[in-house]
Each structure stands twice: as C-alpha cells, then as structure tokens.
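No value in this document is a laboratory result; all are computed from the given coordinates. A quick note: this is a predicted structure, and the numbers were derived from the prediction, not measured. Glycine also receives a Cβ, built like all others from the backbone with ideal geometry; neighbour counts cover every protein chain displayed.
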Amino acid sequence: MALVVTKFGGTSVGSTERIMYVARHLIARQQCGDRVVAVVSAMGDVTDELVAKAGEVCPEPPEREMDMLLATGEQVTIALLAMAIHSLGHRAISFTGSQVGIVTDAGHTKAKIREVRAERVREALEQGRIVIVAGFQGMTVDGSITTLGRGGSDTTAVAIAAGVGADVCEIYSDVDGVYTADPRVVPAARKLDEISYEEMLEMAATGARVLQLRAVEFARNHGVTLHCRSSFNDSPGTIVREGDETMEQAIISGVTHDTSEAKVTIRDVPDRPGVAAVVFGMLADANVNVDMIIQNVSESGTTDISFTTPKEDLVRARRATDAVVAELGARTWTVDESVAKVSLVGAGMKTHPGVAAQMFKALAGAGVNLDMISTSSIRISCVISASEVERAVRALHTSFGLDSDEISAESSPACGEVN
Ligand code: ADP
Ligand code: ASP
Ligand code: MG
C-alpha cells in the first residue's frame, strides 16, 4: 500500500467536468489500496483573473491583500473536488494551507515554507479519507495568509509529501512529462524518462515552468521523488530524482527559454570600488530579484551596468534604480522589456568542452544576436531579443541532436488535447 501525494494544476481542474474526472481518478487510486492526498491549483486561469482584478482597483496592491485575494482561487477547487468525491459515494475532506499547518515566513506573494505540521493530513488518511489540500498558500506564525509565488502548488505538494513521508509525489499537468524543450515551442521535443534534481533545478530556474523551482529545491533537500505526468492520459511521465550512475547522462538534457524578465541598464556609473555593492545593495533592499549582471569596459572613468530582473519586480526596480542614479551621480537608466533568455542545460557539459562554442555558432547560424551571457557548471544562458526566442530554441534543439526522429500526431507531446 503506497502513500501518494498527487498535484493537479489549473488546466487539470479547469472545469467541473475536469474536477469530476480527477475525483474518479483519486477514487480509483484509493481502491487500488493507496492512501491518497491531492493538492490542487485554482481552476483554469482564475489566478490570472484575480491578479487582473486587483490591478483594476489598485495599481500597486499591498502584498498582504494580494495574498488574501489569490488564496481564494485554490479554496474553490478544494471544496468542489471534495464534493465531487462525496457525490461518487466516497469520503474526502478538504483543507486550506493553514489548516494543514503550512507555516511560511512573512514574504507575502513569494513566501517560503518554514515548517509543515502534517498531523491533520495523517489523521484524515487514517480515517480512510481522500485528503484534498489547497496548493500555493500557507500562513505565517502570526496568522496572516501567504502565497508561495506563481506555480507554488507544486511546492505545496512536495512539502506535504515530505511532511507525511509519501512514497512518491506525482505532479499532473497538461503535458506528460519533462521534455527536452517546451513542447509548445518545439514540436520535435522528446520526453525525458528521468532527470536529476541538479538538471531539473537549472531547467526550472531558466523557464521550464512544468515544475516550480522551489518545488525542485524542496524535493532535493528532502529526498522526495517526483513523477511529472499528464492528467489527460496514463502514459508514464518523467521521474525527477538524485542523479547516479544508473541514470543515462546526455551532454545536453534540454533547451529552455524565459520571457518573464526585463533588462535594466544604468548608464555612466562612476567606475570605482564599491559601486556595484551600492547598486545591488539598494536593489536587494528594495526586494528586487536580480538574475544576470554585466558591466561594460570602463571608458573615461565611467561604465554601464546592466542586469535582468523579473518583470513582476519592475515597479520596485524602477524606483530603486532612480534612487541608485541619484546616489551615484550616474547619467540615466533604461529598461528593455522585449528581451528573452535562452539556456542549454546538461550535466555532461562539465566534462565536454566546446558546448558554448557550438551554442554560439548555432545561434549565429539562426541570425540571433547575443546581448548577455552567463554560465554555471551545467548551464549556459544567453539574453537575446524576445522576437527571436522561438527561432533560437529550435535552432539549439536541432544543433544538439535533441529533435525526435518521428514527429507524428501520435508521438507529438500531449498538451491538453488528449483525453
Ligand atoms: P500546471 O498549471 O498544471 O501547473 P504549467 O502550465 O505550470 O502546468 O506547466 C505545464 C506547461 O509547462 C506545459 O504546458 C508546457 O507548455 C510548459 N513547459 C515549458 N517547458 C517545458 C518542458 N521542458 N517540458 C514540459 N513542459 C514544459
Ligand atoms: N494558482 C497559482 C498560479 O496560478 C498556483 C499554481 O497553480 O501552482 O500560479
Ligand atoms: Mg505549474
């Protein structure tokens, strides 16, 4: 008898029909003898709609109130799913994040989980119920509702899986696994049978939104095995686990892309010790996340500094950059929102020289200009123009031999259209 934590994303619970389907799936699992927990997201695009509504009444909503609003989306789904299971003659109970003891810090809109007190889940499982938990939300020690950042239901599922000691955490979405590239962009992308935490972390960090980055970090830190699979078919998905010698090691595991960041450039910053510390210190104090950084060669005692930041941090970034320019006596600053990042990820890079050269050659062959470059031991990322990103991803996918041999209606990835 296995203890299974499942997670169903927005598309998987996007209608009452889909909720009935998930209810039947969970009941069937329980009837096989498993103890079953389901973590669910808000239905369809509900979270996006709530974000848009907030914008209609307040250009910069207080983050505490934003969390209060966004947490309602998941609460609708848990109640409907528990009712659906009830209507099919089985026992289920729904819980909000705070009711299952997901304790977070006070970082509203992207709170971090500090502790999971999973007794209520365990007790309900002991009583033979299917346990339904609202994803994406938690509570601070002093009782404020928090959310875990977009895509955060994945992290809820992993945290609950760690908290109850589940045998596996199954992440169901509209795609049947982790692919060598986003199957919506690269029809020839291939599903990976397995991938290491290390590579999945880099893929999630660079735009493969099939798993939230924090969920992968949590899974690695707590040794939770993940199985990413489709809620629209039964095919085996992708296992994410600790890499070892039994895992096939390709040089390149995937090509990812991300259009969610903007590039900020500060012009004519004085070139003297301590300047970068002031710039990035002031951005950090303003809670602005910074990804890539590039500093130009100094000419006549001044230099330009560029950095990328999530577009969702831009309001704070603009304000902080204004203050930086005033503080340092820089000339001005500009923002470019039409940039994208394309990345190659693969553990084999550590031991195979020449990957960067091949990447730059493939991008040059596709006529793509490089704006910024950054690397880790198993990743190379380039900032390019957003209008060229799909062409760049496809060129890299082909250049590194990742294209599937056969692209047919049957073998092409299932993005929600299979049922
Ligand atoms: P959910 O709403 O269920 O959490 P998401 O939309 O967050 O699902 O994640 C699934 C989507 O991730 C897919 O529809 C796919 O377009 C996208 N995606 C991006 N990169 C990849 C990749 N490398 N492999 C699989 N899916 C990917
Ligand atoms: N509903 C939230 C979102 O859309 C959390 C999630 O789906 O994982 O980001
Ligand atoms: Mg998601």
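Under 4 °C and 1.567 mPa s, how fast does region 114-158 diffuse according to Stokes-Einstein, given a Kirkwood radius computed over C-alpha pairs? Answer in µm²/s, whole number. If you can, show how the numbers build up before the last one.
On the way: Rh = 11.7 Å.
This corresponds to a translational diffusion coefficient of 110 µm²/s.
Would you work out the charge dipole size for the chain about its Cα centre, treating the Cβ of every Lys and Arg as +1 and the Cβ of every Asp and Glu as -1, and quote it to the nearest 20 debye? List each step's numbers first, then the result.
Numbers: 38 positive and 56 negative charges, 111 e Å.
In total the dipole reaches around 540 debye.
Putting +1 on Lys and Arg Cβ atoms and -1 on Asp and Glu Cβ atoms, find which of Ala386, His108, Ile93 reaches farthest to the positive end of the dipole of the chain.
Ile93
Looking only at the chain, where both bridge partners belong to it, what percent of the DSSP beta bridges are antiparallel (to the nearest 5)?
60 percent
Can you figure out the FRET efficiency of Leu370 with Gln127, using R₀ = 56 Å and their beta-carbon distance, to the nearest 0.05?
Values: r = 58 Å, r/R0 = 1.04.
Efficiency, rounded to the nearest 0.05: 0.45.
For the chain, what percent of Cα pairs sit more than 36 Å apart? Don't skip to the answer; put the middle values down first.
Numbers: 26285 of 87571 pairs.
Percentage above 36 Å: 30.
Restricting attention to the alpha-carbon atoms of region 218-260, what are Rg (one decimal) and Dmax (integer), both in Å?
Cα radius of gyration and Dmax of region 218-260 are 13.4, 35 Å respectively.
Treating only the Cβ atoms of Lys and Arg (+1) and Asp and Glu (-1) as charged, compute the dipole magnitude of region 252-365 about its Cα centre; round to the nearest 20 debye.
Numbers: 11 positive and 14 negative charges, 55 e Å.
Magnitude of the dipole: close to 260 debye.
Within the chain, what's the longest run with no GluC sites (Glu not before Pro) in a DSSP loop and at most 12 other beta-carbon atoms within 10 Å? Give the range, please.
Numbers: sites that count: Glu242, Glu245, Glu248, Glu337, Glu406, Glu410, Glu417.
Value returned for the longest uninterrupted segment is 1-241.
Taking every pair of alpha-carbon atoms in region 111-263, what share in percent sits in each 10 Å bin, from 0 to the bin with the longest distance?
Each 10 Å bin holds this share of Cα pairs: 10, 38, 34, 14, 3, 0.
Using Cβ counts within 10 Å as a stand-in for footprinting exposure, how do Lys112, Lys53 rank, fewest first? It would help to have the intermediate numbers written out before the result.
Numbers: Lys112 16, Lys53 12.
Ranking Lys112, Lys53 by Cβ neighbours within 10 Å, fewest first, gives Lys53, Lys112.
State, as an integer percentage, the relative contact order of region 95-214 based on alpha-carbon contacts under 8 Å between residues 6 or more apart. Intermediate results must be reported in sequence, preceding the final value.
Numbers: 179 pairs, mean separation 25.5, N = 120.
In percent, rounded to a whole number, it is 21.
Please work out the C-alpha center-to-center distance from region 99-138 to region 1-69 and express it in whole Å.
So the separation of the two Cα centres works out to 14 Å.
Report the FRET efficiency, 1/(1 + (r/R0)^6), for Ser338 and Gln31, where r is their Cβ-Cβ distance and R0 is 60 Å, rounded to 0.05.
Details: r = 52 Å, r/R0 = 0.86.
Rounded to the nearest 0.05, the efficiency is 0.70.
Given the rule -39500 (n - 2.57) for each run of at least 4 DSSP H residues, summed and divided by the residues of the chain, what is its mean residue ellipticity at 222 nm, to the nearest 500 deg cm²/dmol?
After summing the helix terms and dividing by residue count, I get -10500 deg cm²/dmol.
Once you list every other residue whose beta carbon is under 12 Å from the beta carbon of Ala386, what net charge do they have if Lys and Arg are +1 and Asp and Glu are -1? Show your work: numbers first, answer last.
Details: positive: Lys263, Lys311, Lys341, Arg391; negative: Asp258, Glu261, Asp336, Glu337, Asp371, Glu388, Glu390.
Residues close to Ala386 contribute a combined charge of -3.
Net charge within 12 Å of Gly135 by Cβ-Cβ distance, Lys/Arg positive one each and Asp/Glu negative one each, not counting Gly135 itself?
On the way: positive: Lys7, Arg150; negative: Glu74, Asp154.
For residues surrounding Gly135, the net value is 0.
If you add up the charges near Asp154, with Lys and Arg at +1 and Asp and Glu at -1, over every other residue whose beta carbon is less than 12 angstrom from its beta carbon, what do you get?
Numbers: positive: Lys7, Arg150, Arg209, Arg214; negative: Glu170, Glu217.
Net of charged neighbours comes to +2.
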